[in-house]
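Worksheet: the structure to be examined is printed underneath.
The values are calculated or read from the model by the stated rules, or taken from the named source; none is laboratory data. These figures come from a predicted structure and were not determined experimentally. FYI the Cβ positions are ideal-geometry reconstructions off the backbone, even for glycines, and counts take in every protein chain you see.
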Amino acid sequence: MSAQRDGAAPSGLRSEATREDGASGRRPALAREALIPVMRPFLGEEEALAAAEAVRSGWVAQGPRVARFEQEFATYVGASHGVAVSSCTTALHLALVAAGVSAGDEVIVPSLSFIATANAARYVGATPAFADVELATGNLTVDTIDAVRTSRTRAVIAVHQGGVPFDTGALRAACAGWGVALVEDAACAAGSTVDGKPAGTGAAVAAWSFHPRKVITTGEGGALTLDDGEAAVRLRRLREHGMSVSAADRHKSAQPVLEQYLETGFNYRMTDVQAAIGLVQLAKLDAMVARRRELAARYHERLDGVEGVVPVRDPAYGTTNYQSFWVLLDQRYDRNDVLARLAEAGISARRGIMAAHSEPAYAVPADLPNTERITRDSLILPLFHELTETDQDHVVDTLTKLL
C-alpha cells in the first residue's frame, strides 16, 4: 500500500548490536524500547555531517544543494529533469496545475492510497473519481480506470502502491489513447523497477516522496521527475511563487535583478539542509533496497505455507523496493484484533492502507470490492534496514500463532 505521506514519523527505537554495514559503515547501538517499530529511517553520521555543512555554508534555503539533488535523483530514475519540492503532496498538486486540470474536470485516482492522492485533485478544483485496484498488487489497471472514465476525465493519478509498481506500459498507452494526462504517484517507489528500468523512467511526470516512511528520506520533501525541459522550467517557477528568476540566480548575479511574477505560484520549495541529507541518502539507495529485498525474501520463506496470509510479491513485469511489506489476511480474521495482539507482543504493525472514499472528507458511495477487501484485511509488518533476524523471527512466530 502507499504508506502515509505526511504523517508523523514512527517512534520507538529498538537496540541491536553494533553492526558493520556496507551502506554506511559502523554505527553505535541504539537504546532499546518496547516495540519493534514498523519502520525506522536509516540515518547516520554522514547525514548529520552533510546537514551541518549546509548550515555552516550560510545557504540553508533552496540553493545549490537542491539543484544538485534534484538532478542526481532525476538521473537515478532515468529522467532528464528533476524538480525538488516540499512533499509529494505538493508535487502532485503542481503536476495537475501544469497539466491544466481545473474546476469541472475529473481526476481518476485509486481510493486505496493515502488521502493526499485524492486531495491533489480537489486542490485544483477537480473532482476525484475513485477507481478500484487489482487484488494482487493494490494498483490501478486499464480496466479499473476505464470503468469510471467519463467525458470529464482530464487526468489519472496512478500509484505505485507501497513500492509495488503498476504496469506503466499498459497505463501509459491507455491514457495516451484516451487523451488524458497520466501523473505517476511514485511516492513509495524509489528503487523499484519496471521491465528492468527504474520506476519513473519514461514518465510524462512522476511525483516522489522523501518522508521518513520512505526508503530514502530528507525529513520532509518530494520531487517531480520528467523529460520535458519546458515543463520543468515552469514547475520550478510554480514552486517558487511564480517568479521569473530563482533566488539562487538573483544571488549569483553581479547586478540587481528585478524579478517578475509571471503566474500564481506557491511556496513549495525544498531547503538545502534537506537536500544535503538527500544526497547522502541517494548514494545509499541501492544498498538499502537490496537489504529490504533480503529481509522480504526471509519473510516470504518464513510465511510460505502459512494458511490465511498472503504476502505482497514482485509483479511479473517488475520488482518492488519493499517500501512496505504488507500481507493480506483471510477474511475470517479480524485484522484490527491481530494488530492489537501484535502490539501486546511488542510488535508495531500497521493497517495496510486507508480507503479514501470511506473517509469523512469524501464519504462517497463506490463499488470498489478489491479496495475494500485490502483496506479491511491487510496489515504492514516491520521492515527496515536494521531489522534483525531475531526480531523478524519474533514477528513471524507471533503472527503465525495468531492465525
Count of the stretch 322-374 residues which are surrounded by 18 or more Cβ atoms within 10 Å (Cβ to Cβ) and of a type in the set (Lys, Arg):
2
Does the stretch 199-248 hold any residues that are aliphatic (A, V, I, L, M) and modelled with pLDDT under 95, and which are they?
243, 245, 247, 248
Between 270, 243, which is in contact with a strand residue (DSSP E or B) (Cβ under 9 Å, 6 or more places away or on another chain), free of Cβ contacts under 8 Å to residues at least 24 places away in the same chain and either among the aliphatic types (A, V, I, L, M) or farther than 23 Å from residue 381 by Cα (or both)?
243
Residue ID - farthest from residue 351 (Cα to Cα), chosen from residues in the stretch 100-123 that are assigned to a loop (DSSP other than H, G, I, E, B) and hydroxyl-bearing (Ser, Thr, Tyr)
102
Which residue out of 40, 68 is at pLDDT 95 or above, outside any loop (DSSP other than H, G, I, E, B) and among the charged types (D, E, K, R)?
68
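I'd like the full set of residues that are in a helix (DSSP H, G or I) and touching a strand residue (DSSP E or B) at 6+ places or on another chain (Cβ under 9 Å), limited to the stretch 317-338.
Let us first name the residues in the stretch 317-338 that are in a helix (DSSP H, G or I), namely 335-338.
Residues satisfying the conditions are 335, 336, 338.
One line per residue, one yes/no per condition, for (1) out of contact with any helix residue (DSSP H, G or I) (no Cβ under 7 Å at 6 or more places or on another chain); (2) surrounded by fewer than 16 Cβ atoms within 10 Å (Cβ to Cβ); (3) outside any loop (DSSP other than H, G, I, E, B):
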| site | (1), (2), (3) |
| --- | --- |
| 125 | yes, yes, no |
| 129 | yes, no, yes |
| 135 | no, yes, no |
| 139 | no, no, no |
| 144 | yes, no, yes |
| 148 | yes, no, no |
| 156 | no, no, yes |
| 165 | yes, no, no |
Residues (touching a residue at least 12 places away in the same chain (Cβ under 8 Å) and of a type in the set (A, V, I, L, M)) located in the stretch 219-237:
223, 224, 226, 231, 232, 235
Checking residue 224 against (1) more than 14 Å from the chain's Cα centre (by Cα); (2) in a strand (DSSP E or B), which single condition isn't satisfied?
(1)
Could you list, ordered by first residue, the pairs with Cβ atoms under 8 Å in which the first is in the stretch 143-157 and under 21 Å from residue 124 (Cα atoms) and the second is among the polar types (S, T, N, Q) and outside any loop (DSSP other than H, G, I, E, B), at least 6 apart or interchain?
152/127; 157/117
Restricting attention to the stretch 227-277, which residues are over 20 Å from the mean Cα position of the chain (by Cα), closer than 20 Å to residue 81 by Cβ and small (Gly, Ala, Ser)?
229, 231, 232, 242, 244, 246, 247, 248, 265
